[in-house]
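One structure follows; several queries about it will come next.
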Amino acid sequence: MKDPYEVLGVAPGASDDEVKAAYRKLAKKYHPDNYQDSPLADLAEEKMKEVNEAYDYIVNSRKAGGSGSAGSAGSGYSGYSSSGYSANSQYVNVRMMIQQGNLDEAERILDSETGDHTAEWYFLRGMCYYRRGWAQQAVQHFQRAVQMEPNNMEYQQALNNMSRQQNYGYGGYNTTGMNNNMGCSACDICSAIMCADCLCSCCR
Amino acid sequence: MFGYIRVQKSELKLREYDAYKSVYCGLCRQLGRDYSFLSRFLLSYDCTFYAMFIMSLGRSCSGFETGRCRFNPMKKCSYCKCESDCMSKAAAVNVTLAYYKLIDDISDSGFFKRALCRAVKPFLSRWRKKANARYPEIDSLAAGMMRSQQEAEKSPDCGIDMAAHPTASFLSSLLSAEAQSEAQKRIYSQIGYGLGRFIYLADAADDLEKDIKSGNFNPFNSEKENNRDVIGNNLSQALAMTFDAYNLLDLTDFRGIIDNVILLGLPSVQKEITGTEVKDERSV
């Protein structure tokens, strides 16, 4: 096992609150929601596990040593809910291939079908595109799938995930507060001038 | 296709800025050593980032040294030292890409610019040959990118994704060549794909007005409605893809600078590009 303090990025002498804060930050970073449908989801999961283990280890060892109470070590984010694939899917093998990253084969099977496609076909084809990074096509396919079956949560979720990424914005993911807004609005200028004016009348 | 990966200077710490400059100067010096004095003029921010990134991945930066700048002998520069061949690899990428960009320019620009490009070509092709001898895999990746780009542009159903694919997969293969394990390979390759997609689409969005006038190929040209939304959404998505993968790395060297590029520099490039679009529409 790696040094748990190193995993959380805190010094061994850090207070319980610091450990907790570091844990929260990392848990947010590797949260499964950020890696929904991502080809890297399993790697994020590993990281998450590492962080959870490190946190549990620190909390438990501190409890044993009696250095303050850190609350229960119930690390909250452990469950990666593997997407609830509908059991009556006609593309079980294709879903499997996509999961395993065998996109060429999955695409070959999907593309070999002719005639009108079902909503699930559009969803899976979109997923192949998404895994390849072809976002524009992926969105179009997901939209089509949702249009055909508006009540299907799985399709809706995939589409929501795409729109989350499209609204990444100007560093929208950035919650570290690096983006200090140092701007100066018209109001600021006005009030500054008014203050300056007050000073002027002092001098007279 | 150059100059979109840059830092946001105002948010860098002074020591980070110095480190960044020393990579920049180090790469400039490497170009001078490996190719010729004139090749130093090709130095680009993208390749500076590439050099810094692969140095950080391999943890091969071993310190800094000072020397004199060739362009301004009065100035003292700090140069970044590197244990492995990161710098000369980045220099090879720099001249190789410059060569292929020139070939591309010759095929689709006006009379005067074309004449100018032709005049410069012998130099570039000599340097490219040298780079090819040293790093044949870089040259073959770049050549493959140019070939598939031309094919994609000729294809009748070439959308945004297909058009961006060659650049994206070029950078993806370039970065994943640095990987030591299968997991690293997947992460690097996604970072490269996202970055490459971003660079290509940013460049296309930047050239949109010009390409509509001249009739050159542009992937955003066919998207008639809500063009600005399409551009913004796709750029954001490419950044999100890069960021998600980047988060899984635990870098230490040049961390602050690379964070700055990915979290602030690239978004501000996007802002600049989509922002100027708004202005253009108002003036019409």
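Percent of accessible area on chain B owned by carbon and sulfur, 1.4 Å probe?
52 percent
Which whole number gives the average count of other chain Cβ atoms within 10 Å of the Cβ atoms across peptide B:180-193?
2
Ranked highest first by the average count of other Cβ atoms within 10 Å around their residues, in what order do B:135-145, A:102-112 fall?
B:135-145, A:102-112
Using every alpha carbon pair in region B:127-284, what percent of pairs falls into each 10 Å bin from 0 up to the bin containing the largest distance?
Per 10 Å bin, starting at 0, the Cα pair percentages come out as 10, 34, 34, 19, 4, 0.
7 Å from Cα along Cα→Cβ at both A:A64 and B:N221: what's the point-to-point distance in nm?
The two pseudo-label positions are separated by 6.9 nm.
Further question: Amide H of B:C82: which non-local residues (sequence gap of 5 or more, or other chain) have their own amide H closer than 5 Å, using H built in the peptide plane?
Excluding prolines and chain starts, which carry no amide H, the hits are B:S62.
On a full-extension model of 0.36 nm per residue, what is the gain between B:S125 and B:S140, subtracting their alpha-carbon distance, rounded to one decimal in nm?
Length gained between B:S125 and B:S140: 3.9 nm.
Please arrange A:M97, B:M52 by accessible surface area, largest first, computed with a 1.4 Å probe and ligands excluded.
A:M97, B:M52
Summing both sides, how much accessible area is buried between B and A? Use a 1.4 Å probe and give Å² to the nearest 100.
Chains B and A together bury approximately 2900 Å².
Express the relative contact order of chain B as a whole percentage, based on alpha carbon pairs under 8 Å and six or more residues apart in sequence.
Computed value for chain B: 21 percent relative contact order.
In Å, what Kirkwood hydrodynamic radius results for region B:1-138 from the alpha-carbon pair distances?
15.8 Å
Also, I was wondering about something else. Please compute the per residue accessible area over chain B with all protein chains in place, 1.4 Å probe, rounded to a whole number of Å².
47 Å²
Here's something else I'd like to know. Please state, rounded to one decimal and in Å, the Kirkwood hydrodynamic radius that region B:80-120 gives when every pair of distinct Cα atoms enters the mean of 1/r.
Over region B:80-120, the inverse of the mean reciprocal pair distance is 11.8 Å.
Using a 1.4 Å probe and counting only protein heavy atoms, arrange A:D3, A:D17, B:D161, B:D105 so the residue with the most accessible area comes first.
Ranked list, largest accessible area first: A:D17, A:D3, B:D105, B:D161.
Just reorder A:T118, B:T48 by solvent-accessible area, largest first, 1.4 Å probe, all chains present.
Largest accessible area first, the list is A:T118, B:T48.
With a cut-off of at most 13 other beta carbons within 10 Å, and DSSP calling the residue loop, which trypsin sites (Lys or Arg not before Pro) in region B:1-75 qualify? Please list them.
Filter output for region B:1-75: B:K13, B:R59, B:K75.
Based on the alpha carbons, how large is the Rg to Rh ratio for chain B when Rh follows Kirkwood?
Result for chain B is an Rg/Rh of 0.96.
Among the trypsin sites (Lys or Arg not before Pro) in region A:1-64, which ones are in a DSSP loop with at most 16 other Cβ atoms within 10 Å of the Cβ? Mind listing them?
Passing both the DSSP loop test and the Cβ count: A:K2.
Going by alpha carbons, how many degrees (0 to 90, nearest 10) lie between the helix axis of B:160-176 and the longest principal axis of chain B?
10 degrees
Translational diffusion coefficient of region A:95-166 at 25 °C, 0.890 mPa s, Stokes-Einstein with Kirkwood Rh over Cα pairs, in µm²/s as a whole number.
Answer from the Stokes-Einstein relation: 202 µm²/s.
Counting other Cβ atoms within 10 Å, which chymotrypsin sites (Phe, Trp or Tyr not before Pro) in region B:1-69 have at most 13 and lie in a DSSP loop?
Of the chymotrypsin sites (Phe, Trp or Tyr not before Pro), the ones in loops of region B:1-69 whose Cβ has at most 13 other Cβ atoms within 10 Å are B:F37.
Let me ask you something else. Please give the helix B:227-246 orientation as an angle from the longest Cα principal axis of chain B, in degrees from 0 to 90, rounded to the nearest 10.
Roughly 30 degrees between the two axes.
Calculate for chain B the 222 nm mean residue ellipticity that helices alone would give, adding -39,500 (n - 2.57) per DSSP H run of length 4 or more and normalising by residue count, nearest 500 deg cm²/dmol.
Value at 222 nm, helices only, nearest 500: -23500 deg cm²/dmol.
The values are calculated or read from the model by the stated rules, or taken from the named source; none is laboratory data. What you see is a predicted model; the values in this text were computed from it and never measured. When we count neighbours, we look across all protein chains shown, and the Cβ atoms used for this are built from the backbone with ideal geometry, even at glycine. We work out accessible area using only protein heavy atoms, side chains counted, and drop any ligands, DNA or RNA first. Shrake-Rupley method; radii C 1.70, N 1.55, O 1.52, S 1.80 Å.
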